[in-house]
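Chemist: Starting off with a structure, shown below.
Quick note: the coordinates plus some simple rules give every number you see, no bench work behind them. For clarity, every value in this text was computed on a predicted model and none was experimentally measured. Glycine also receives a Cβ, built like all others from the backbone with ideal geometry; neighbour counts cover every protein chain displayed.
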Amino acid sequence: MPPGIPFIIGNEAAERFSFYGMRTILVVFMVKYLWLMGDTPGEPMSGAEASERYHMFTGFVYLTPFIGAMLADFFFGKYRVIIWLSLIYCLGHGALALMGFVGKAEMWLSLGLWLIIFGSGGIKPCVSAHVGDQFGTGNQHLLTKIFNWFYFSINLGAFVSSLLTPWLLEWYGPHIAFGVPGLLMLIATICFWSGRYRFVHIEAKSAVRDIVSAGGRLQSQVGNWISFSVVAAAMVILLVAVVLIFNELIGRVFGDPVTIRSLSKVEIITIGLGLLLLFVRKSYFAATYRSLKELIKWEWVSALLKLSIIYLFVAMFWALFDQTGSSWVLQAEDMDRKFLGITWLPSQIQALNPILILTFIPLFTYFLYPAVDKVFKLTPLRKIGGGLFIMVIAFAVVAFAQEKIDAGGSPSISWQLIAYVIITASEVMVSIVCLEFSYTQAPRPMKSFVMALFFGSVFLGNIFTAKVNKLIQVKQPPGLVWNEMNSDSKRIAGYDQITGTADDIEIIDEDEMVFAGKEQLDSLLERLQKEISDNQYEALKADEGNAIVGAVMDPWGNPYRYSMINRLRCRITSTGPDEKYMTRWDQGAILQMNLPKSDDQKESWLSVLHPESSWIEKRKAELGIQTEAEKVESGASITTEYFVGGQIKLEGAPYFWFFTKVMLAAAILFLIVALFYKPRTYIYEDDEDSPDRQ
């Protein structure tokens with residue numbers, strides 16, 4: 001075995017612990033903890049906004065591998081890139097652990113996530129390639145065995161961290177929960193650095209220099225850099241154009257189209273600079289283009305375009321799969337999570353996936369695929385298509401579970417456990433098969449680029465989910481967001497945008513507001529609270545609630561609406577002065593029922609391992625906020641949260657059914673594409689440009 005392998009395996013296990021440990025708790029932290037990290041409490045983040053940020057983060061983690069691969073292959077080599085970006089990675093974890101000590105927590109959160117994006121994403125394509133670099137003709141027979149250990153270390157790190165960091169967050173708080181993954185990343189970096197004299201180092205090769213020498217068009221090194229900059233600028237312009245089109249297509253689905261007028265200053269400057277470079281240095285661009293044309297065949301470009309079509313469907317797989325860390329976690333909050341004698345935390349359920357992966361890979365490879373292949377020929381495209389349909393089933397399961405929650409039930413976490421089994425089967429058939437298929441379909445000189453392109457499908461899928469979660473958020477009236485308000489402004493103009501009229505919104509303090517029809521709403525809430533208390537402090541069913549509130553008209557002559565969010569939470573809404581449902585002018589209140597904990601929730605055999613009170617309870621007490629213990633001390637109670645705007649258009653079961661239907665449509669379209677797709681396998685003997693050919 002190559003002497004550097006133990007250092008790489010140890011590095012990978014610790015690095016994956018740090019990444020998955022941080023990402024596992026990210027959504028729960030943003031929803032339940034972030035608003036408590038300052039000297040004074042802020043506004044809690046909605047689940048949709050937290051999901052949006054989570055998927056933006058995950059998406060960009062899988063976009064930066066392009067940068068990491070370029071730095072490693074063209075300029076500095078894999079070892080240097082891994083070490084340098086690992087240090088940036090550590091700084092990102094450090095920024096997350098520092099939240100709440102100094103400055104605004106939101107600033108440290110953004111800084112930490114961006115540093116991790118560049119650190120984790122940048123080293124992602126380098127580490128696995130660095131493993132391959134350690135092998136030559138004499139020990140190549142060990143490569144499969146080592147990669148199996150490499151993959152095992154990834155899933156081991158993910159499994160342990162998915163169990164540990166949610167527990168640390170619950171009982172010891174964000175500083176420890178984010179600090180421990182940071183410590184593991186530091187250990188990973190030291191472990192990798194310790195093997196520096198045992199690694200086989202493959203030096204970087206300048207792609208620009210290769211293009212110049214092959215084409216014979218450019219002479220000066222300055223010209224090389226200018227040409228490279230031109231190509232890079234052109235790629236940025238293309239990326240911006242694709243993102244704009246993508247945004248507009250999704251925006252139109254939700255009635256919020258994005259047009260060229262919404263371009264930011266940064267994007268406008270980028271496009272302008274790129275066009276200027278193309279105009280000023282067009283001779284260099286033309287020379288580089290001619291050189292590239294000689295090196296790259298149309299057949300190779302055609303192979304990339306064909307794979308890109310496949311990746312569009314794979315992107316929809318990732319749009320759903322990565323929601324196990326966002327919408328599935330939020331759903332688990334409302335489920336009965338007692339399993340195997342333990343009440344699991346919502347984020348810990350994700351630990352099931354890496355264990356199932358390690359089980360399913362040999363099961364599918366050595367038993368299921370051969371058995372099915374005897375009666376039905378399983379090509380890679382058929383496996384991928386089957387995996388897409390299996391994903392539909394997985395999301396249908398969680399959609400059915402959500403329907404039970406929406407109806408006031410508290411379904412067992414077994415619903416999600418079943419869904420995890422199904423979605424992991426889908427992952428084996430889509431993600432792993434697509435990786436292998438991509439490698440066989442990529443021309444030899446472009447295999448590394450194709451791997452990066454595959455990561456791009458993860459980016460695209462997560463950006464789609466992030467965009468959906470952004471568009472379903474209803475904005476609040478201008479000036480109503482607490483942290484943006486001027487402390488001297490107590491009255492905000494309403495729908496007519498004129499201060500001093502009947503639809504003004506008056507701010508009393510951070511916890512109370514007055515708006516048109518509030519007295520009428522309070523009277524309605526008082527009646528509704530009595531009905532809820534008579535119902536053992538559980539939210540009324542939708543038909544029962546609407547029978548009460550629907551008979552009352554708001555100041556604009558429209559009936560109030562009642563909706564059950566879950567067993568202990570309901571919403572009463574007026575369409576407001578614009579008389580349109582789910583706009584920023586909706587007015588109403590959310591009722592939250594607080595019940596004493598049952599005996600089976602109070603103690604478990606794990607109680608001896610943690611403090612008596614959770615971190616969040618201690619923090620609320622420090623900030624003077626009523627704790628959960630105080631709410632239930634005197635028995636069941638109801639708290640009221642007033643709102644103007646700020647609600648969610650697509651929530652509950654309809655949210656999950658939306659993605660289920662999108663996935664079903666994508667799976668059906670994929671079958672049509674697969675019928676016309678003609679694979680071409682590239683192996684070294686078939687590659688005309690292989691140095692092995694005479």
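Chemist: I'd like the Karplus ³J(HN,Hα) series for the stretch 98-107: coefficients 6.51, -1.76, 1.60, θ = phi - 60°, whole numbers in Hz, and an x wherever there's a Gly or Pro.
Modeler: Each residue of the stretch 98-107 in turn: 7, 4, x, 7, 8, x, 7, 4, 4, 5 Hz.
Chemist: Output wanted: per-residue J couplings in Hz (rounded whole) for the stretch 527-539, from phi through Karplus 6.51 cos²θ - 1.76 cosθ + 1.60, θ = phi - 60°, x for Gly and Pro.
Modeler: With the stated coefficients, the stretch 527-539 comes to 5, 5, 5, 5, 5, 5, 5, 6, 9, 6, 6, 10, 4 Hz.
Chemist: Hull surface divided by four, with the convex hull built on the Cα atoms of the stretch 292-398: how many nm²?
Modeler: 10.4 nm²
Chemist: Could you give the distance between the Cα centres of the stretch 302-328 and the stretch 396-423, to the whole Å?
Modeler: 24 Å
Chemist: Write out the chymotrypsin sites (Phe, Trp or Tyr not before Pro) in the stretch 363-403 meeting two conditions: DSSP loop, and at most 11 other Cβ atoms within 10 Å of their Cβ.
Modeler: Passing both the DSSP loop test and the Cβ count: Phe376.
Chemist: Work out the FRET efficiency for Ala629 and Trp193 from their Cβ-Cβ distance, taking R0 = 45 Å, and round it to the nearest 0.05.
Modeler: It comes out at approximately 0.45.
Chemist: Next question. Among the chymotrypsin sites (Phe, Trp or Tyr not before Pro) in the stretch 62-101, which ones are in a DSSP loop with at most 14 other Cβ atoms within 10 Å of the Cβ? Mind listing them?
Modeler: Qualifying residues, ordered by number: Phe101.
Chemist: Can you list residues from other chains, or at least 5 along the same chain, whose modelled amide H is less than 5 Å from the amide H of Gly588?
Modeler: Residues meeting the amide H criterion: Ser574, Phe643.
Chemist: Between beta-carbons, use under 14 Å as the cut-off and find the net charge around Phe670, counting Lys and Arg +1, Asp and Glu -1.
Modeler: So the environment of Phe670 carries a net charge of +3.
Chemist: Considering every pair of different Cα atoms, what Kirkwood radius, in Å, is found for the stretch 519-573?
Modeler: Hydrodynamic radius (Kirkwood, Cα only) of the stretch 519-573 equals 11.2 Å.
Chemist: Around Ile565, which amide H atoms from residues at least 5 apart in sequence, or from another chain, sit under 5 Å from its own amide H, with H modelled in the peptide plane?
Modeler: For Ile565, the qualifying residues are Cys570, Arg571.
Chemist: Ordered by residue, what ³J(HN,Hα) values in Hz, to whole numbers, does the stretch 492-500 give under the Karplus form 6.51 cos²θ - 1.76 cosθ + 1.60, where θ = phi - 60° and Gly and Pro are x?
Modeler: Whole-Hz 3J(HN,Hα) from phi for the stretch 492-500: 10, 4, x, 4, 7, 6, 10, 6, x.
Chemist: Over 28 Å between C-alpha atoms is what I'm after, so list which of Lys32/Lys124; Lys404/Lys649; Lys338/Lys649 land there.
Modeler: Lys32/Lys124; Lys338/Lys649, as the Cα separations exceed 28 Å there.
Chemist: Between Ala502 and Phe75, how many nm apart are label points set 7 Å from Cα along the C-beta direction?
Modeler: Calculated label separation equals 6.4 nm.
Chemist: With equal scatterers on the alpha carbons only and no solvent term, can you work out the Debye log10 of I(q)/I(0) for the stretch 1-91 at 0.19, 0.26 1/Å?
Modeler: Taken in order of the listed q values, log10 I(q)/I(0) reads -1.01, -1.32.
Chemist: While we're looking at this one, here's another question. How large is the translational diffusion coefficient of the stretch 637-680 in µm² per second when you combine the Kirkwood radius over alpha carbon pairs with Stokes-Einstein at 4 °C and 1.567 mPa s?
Modeler: Value of D from the Cα-based Kirkwood radius: 90 µm²/s.
Chemist: What pairs from Lys104/Lys475; Lys104/Lys618; Lys383/Lys467 go past 27 Å between their alpha carbons?
Modeler: Flagged as over cut-off: Lys383/Lys467.
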